[in-house]
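Each remark here refers to the structure printed beneath this line.
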Amino acid sequence: MSAFWKSIPMPRDLVKSRLLKLDKEHINYVMDCLSKNTTLVGNIKAYTLSALYNAPITISQHYTSLVSHDMAQDAAASY
């Protein structure tokens, strides 16, 4: 049996396994991103599931980007 992810059939066990590996940090990251979203979401359930599914592969880059942004602002402020 397969699950559909963004209209792409995927093995249900793969999706289940990835979601079961989420921890508190991933959930907090997704909740933070959802609270900052300013666009209208048509299907909030699908949007949230997609964000949770992708959290393990996007969280690191997200926080790296935030740190880079803060460091650039600090450097600019010191001039």
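Residue pairs whose Cβ atoms lie under 7 Å apart, sitting 6 or more positions apart in sequence or on different chains, and linking a residue in the range 15-28 that is assigned to a helix (DSSP H, G or I) and at pLDDT 95 or above to a partner that is loosely packed, with under 12 Cβ neighbours inside 10 Å and among the aromatic types (F, W, Y), do not occur here.
Looking only at the range 29-38, count every residue that is without any contact (Cβ under 8 Å) to a residue 12 or more places away in the chain, surrounded by 10 or more Cβ atoms within 10 Å (Cβ to Cβ) and in a helix (DSSP H, G or I) and tell me the total.
2
So is S65 of a type in the set (G, A, S), in a helix (DSSP H, G or I) and surrounded by 10 or more Cβ atoms within 10 Å (Cβ to Cβ) or not? Against the criterion (of a type in the set (G, A, S), in a helix (DSSP H, G or I) and surrounded by 10 or more Cβ atoms within 10 Å (Cβ to Cβ)), S65 qualifies.
Look at the range 39-63: where a residue is in contact (Cβ under 8 Å) with a residue 12 or more places away in the chain and farther than 17 Å from K21 by Cβ and a partner is among the hydroxyl-bearing types (S, T, Y) and assigned to a helix (DSSP H, G or I), sitting 6+ places away or on another chain with Cβ atoms under 8 Å, you get H62/Y29.
The values are calculated or read from the model by the stated rules, or taken from the named source; none is laboratory data. All values derive from a computational prediction rather than experimental measurement. Here the Cβ is made from the backbone with ideal geometry for all residues, glycine too, and neighbour counts use every protein chain on show.
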